[in-house]
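Report on the structure given below.
The values are calculated or read from the model by the stated rules, or taken from the named source; none is laboratory data. Note that the coordinates shown come from a computational prediction; the quantities given were computed from them, not determined experimentally. Neighbour counts are summed over all protein chains in view; Cβ atoms, including those assigned to glycine, are modelled from backbone coordinates with ideal geometry. The area values use the complete protein model at the heavy-atom level, side chains included, leaving out ligands, DNA and RNA. Shrake-Rupley method; radii C 1.70, N 1.55, O 1.52, S 1.80 Å.
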Amino acid sequence: MLSTVVSWGQSSETIELWTNKVPGESSEKQPAKISGNTSGNVKRLSEVTNPLLTVYRPEQPNASKAGIIVCPGGGYNILAIDKEGDEIAEWLNTLGYTAFVLQYRVPKNDKGAAQDIQRAIKIVRSKASEFQLDTNNIGLIGFSAGGHLSALASTTFKTPFYESQDEIDAFSSQSNFTMLIYPAYLDKGENKTIHPDFTLDKDTPPFFIFGTADDPYGNSSFVMGQALRDNKTPVELHVYPKGGHGYGLRDGNAAGEQWPKLAKEWLEKVAVSKPKLNDMQVIGSHNSYKIEIEKPLYDYLHGVSPKIESLQYGHVSLEKQLDLGLRNLELDVFYDPLGGHFSNPKGLDIVKTLGKTPLDFDIEEKLKKPGLKMFHVQDIDFRSHHLLFRDGLKNLKKWSDKHPNHTPVVILINTKDQEVPQTRTPLTFDKTALDSLDVEIRSVFSDSELITPDAVRGNFKTLEEAVLKAGWPELSELKGKFLFVLDEKEARINDYLGGHDGLKGRVLFVNSKEGNPEAAFRIINNPITDFEYIKTLVDKGYMVRTRADAGTKEARTKSYARFEKAKASGAQVISTDYYVPSTLFDSDFKIIFDDNTYEKIKN
């Protein structure tokens, strides 16, 4: 039987899985060979020692941004590379999917094949931007032994089959969806049950399975379908009476003509691009805890300086803001570890000297308690829906527990220690104070209720690398969670990073400039002057917060120019003081999306 060096197919674009030494192999890599056995008009690839992916790009990609790895069968002896590889890829191209035909190691190298498919999934995911794919929409389709390999990869992705080689191995080897066409060897368990190596759990992806009753390996379809059903994993199982085994999608076999139609319909339901955290755009509030300055004090301060007009705003409670649909809040905190530092603000005495009775304030003497305090400006703008930061967090937690499926809420934190003339001097917000931020947040929220830098970083070396290469998590995985961001300048950010390189172990993201290992979330407040900058950041994969108005200016002039730029920039978080019109001066200025909501998925 003659063998020749492989050369076939319409695609010349290939990717080596292992650019250096192939794991577990002592021999040098050699080109694969095509067997002289062409029975059944099938090209059989043999002696694969240099595993490859052959890339098939569609002329007209569909909207799914899905990439599908094709795993041909051949009993782990050869690869039916045309019938169950190239022809399948070309069919997927006609549906608008980018396909990758996997040449995994044969013959008789099950362990090597398992390593190859894990590596292949990671490579495709790492090249998602190059192929315009969604990193969370990478699937498998496998035939016969390739079906077994696909099922193995889809159920054992939490167990790496080889030691990390390079930065590519920071990506997940999880399949987002899997199709098995006349799979084999899945019933190697006791009494022909599911293969014992397979581990099905809550993260097992949805499956499409097609087989026939007269297939000698047909029991594999049944046991896999049953195991998925028992695991409550979405599965679509089709079993036709006749068709045998190894028919691909060639004409002349009823099963081979039918499964592509069913698979196409299934893919249209399952292989859809799912929005990620950075695909959302939400409107939120600025200084969200703030109750407006009472009128006698405001009038007095306005007489001293008209600039006080920039503080003429207030908000409904945090809970009511969330009920309206806002999904961004901003909280200012002061350090007060012993308590009492901010008790009896001077503004109350000013009101009394004016012959007025101040509105009730801090009846429960919250300011005397130790812990972070939450208000705007000491002695002047001190009224807050929650004087204790921890109390505000508890109310957010209570609201979230009542609405467990809410879109993630982004909360910006400003740490306050600025001195203001003729007011008391705040305590310095030093590293100990910054540590107390994490402590108080974690005293209310569990890690499962938080979107943390560690969770987003995953296996990547840096947070920035994770968001730029793999992207932010899917929104569907983040329901009911909170993401905290430290809105500060470099010096304070560095204090927060101290002992926590790259934000390891920290709760809050930080406003670090791109190029830093912890960079992921930027705060760029002016969407007019920085419009192109924001667009560039968003396009790269960063999240950005900007503002639709500031200092009451836009509300007084009824100017929406800033809001329009904020929306067009793609910034994910847009802050305002006017999600409802002001009741403190005459203006109908209101920031809300065109459909009268405060959150949407960007087009």
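Within segment 589-602, identify whether any single residue is over 20 Å from the mean Cα position of the chain (by Cα), closer than 23 Å to residue 318 by Cα and among the aliphatic types (A, V, I, L, M), and answer yes or no.
Checked against the condition, which is being over 20 Å from the mean Cα position of the chain (by Cα), closer than 23 Å to residue 318 by Cα and among the aliphatic types (A, V, I, L, M), segment 589-602 yields at least one hit.
Which of the residues that make up segment 141-186 are crowded, with 22+ Cβ neighbours inside 10 Å, in contact with a Ser or Thr (Cβ under 7 Å, 6 or more places away or on another chain) and farther than 27 Å from residue 274 by Cα?
Those that are crowded, with 22+ Cβ neighbours inside 10 Å, in contact with a Ser or Thr (Cβ under 7 Å, 6 or more places away or on another chain) and farther than 27 Å from residue 274 by Cα: 182, 183, 184, 186.
Kindly indicate the residue of segment 210-241 that is of a type outside the set (Gly, Ala, Ser), under 21 Å from residue 255 (Cα atoms) and in a helix (DSSP H, G or I) and also most open to solvent (accessible area, probe 1.4 Å) among those meeting that condition.
222
Hey, among 407, 432, 428, which residue is open to solvent by 10 Å² or more (accessible area, probe 1.4 Å) and assigned to a helix (DSSP H, G or I)? Let's see the steps before the verdict.
Details: 407 fails: assigned to a helix (DSSP H, G or I); 428 fails: assigned to a helix (DSSP H, G or I).
Exactly one of 407, 432, 428 is open to solvent by 10 Å² or more (accessible area, probe 1.4 Å) and assigned to a helix (DSSP H, G or I), namely 432.
Quick check: is even one residue across segment 326-348 crowded, with 16+ Cβ neighbours inside 10 Å, over 24 Å from residue 400 (Cα atoms) and aliphatic (A, V, I, L, M)?
The answer is yes, given that some residue of segment 326-348 is crowded, with 16+ Cβ neighbours inside 10 Å, over 24 Å from residue 400 (Cα atoms) and aliphatic (A, V, I, L, M).
Being small (Gly, Ala, Ser) and either at pLDDT 95 or above or open to solvent by less than 60 Å² (accessible area, probe 1.4 Å) (or both) is the filter here; which residues of segment 242-257 pass it?
Residues of segment 242-257 small (Gly, Ala, Ser): 243-244, 246, 248, 252, 254-256.
Answer for segment 242-257, where residues must be small (Gly, Ala, Ser) and either at pLDDT 95 or above or open to solvent by less than 60 Å² (accessible area, probe 1.4 Å) (or both): 243, 244, 246, 248, 255, 256.
For residue 203, only one of the following conditions fails: (1) under 27 Å from the mean Cα position of the chain (by Cα); (2) surrounded by 15 or more Cβ atoms within 10 Å (Cβ to Cβ). What is its number?
(2)
Among the numbered criteria (1) of a type outside the set (D, E, K, R); (2) in a loop (DSSP other than H, G, I, E, B); (3) open to solvent by 60 Å² or more (accessible area, probe 1.4 Å), which one does residue 129 miss?
Checking residue 129 against (1) of a type outside the set (D, E, K, R); (2) in a loop (DSSP other than H, G, I, E, B); (3) open to solvent by 60 Å² or more (accessible area, probe 1.4 Å), the one that fails is (2).
Taking segment 65-96 on its own, how many of its residues are open to solvent by 10 Å² or more (accessible area, probe 1.4 Å) and part of a loop (DSSP other than H, G, I, E, B)?
Total meeting the criteria: 7.
If a residue must be touching a helix residue (DSSP H, G or I) at 6+ places or on another chain (Cβ under 8 Å), open to solvent by 10 Å² or more (accessible area, probe 1.4 Å) and in a helix (DSSP H, G or I), how many such residues does segment 279-309 contain?
Adding up the residues that qualify gives 8.
So in segment 25-56, with the set limited to residues that are among the basic types (Lys, Arg) and in contact with a Ser or Thr (Cβ under 6 Å, 6 or more places away or on another chain), which one is nearest to residue 130 (Cα to Cα)? Break it down into steps so the answer makes sense when it comes.
At the first step, the residues of segment 25-56 found to be among the basic types (Lys, Arg) are 29, 33, 43-44.
With in contact with a Ser or Thr (Cβ under 6 Å, 6 or more places away or on another chain) added as a condition, the list becomes 29, 33, 44.
Numbers: 29: 27, 33: 29, 44: 30 Å.
Applying the filter and picking the extreme gives 29.
Look through segment 441-462, keep the residues that are in a helix (DSSP H, G or I) and touching a Leu at 6+ places or on another chain (Cβ under 6 Å), and return whichever of them is least open to solvent (accessible area, probe 1.4 Å). Can you show your working first?
The first filter runs over segment 441-462 and keeps only residues in a helix (DSSP H, G or I), leaving 441-444, 447-449, 453-457.
Pick out the ones that are also touching a Leu at 6+ places or on another chain (Cβ under 6 Å) and you get 444, 453, 457.
On the way: 444: 22, 453: 0, 457: 15 Å².
Filtering first and then ranking leaves 453.
Within segment 258-278, can you find the residues that are at pLDDT 95 or above and either of a type in the set (Val, Ile, Thr) or open to solvent by 40 Å² or more (accessible area, probe 1.4 Å) (or both)?
258, 261, 264, 265, 268, 269, 270 - these are the residues of segment 258-278 that are at pLDDT 95 or above and either of a type in the set (Val, Ile, Thr) or open to solvent by 40 Å² or more (accessible area, probe 1.4 Å) (or both).
Only one of these is small (Gly, Ala, Ser) and in contact with a Gly (Cβ under 9 Å, 6 or more places away or on another chain): 63, 114. Name it.
On the way: 114 fails: in contact with a Gly (Cβ under 9 Å, 6 or more places away or on another chain).
From the options 63, 114, the qualifying one is 63.
Being within 36 Å of the chain's Cα centre (by Cα) and part of a strand (DSSP E or B) is the filter here, so list the residues in segment 11-62 that pass it.
Answer for segment 11-62, where residues must be within 36 Å of the chain's Cα centre (by Cα) and part of a strand (DSSP E or B): 14, 15, 16, 52, 53, 54, 55, 56.
Hey, could you check segment 345-374 for residues that are part of a loop (DSSP other than H, G, I, E, B) and charged (D, E, K, R) and say which is nearest to residue 433 (Cα to Cα)? Full working, then the answer.
Initially, segment 345-374 is screened for residues part of a loop (DSSP other than H, G, I, E, B), giving 345, 354-365, 369-372, 374.
Checking which are charged (D, E, K, R) leaves us with 356, 360, 362, 364-365, 369.
Numbers: 356: 37, 360: 29, 362: 23, 364: 24, 365: 22, 369: 16 Å.
By that ranking, first place goes to 369.
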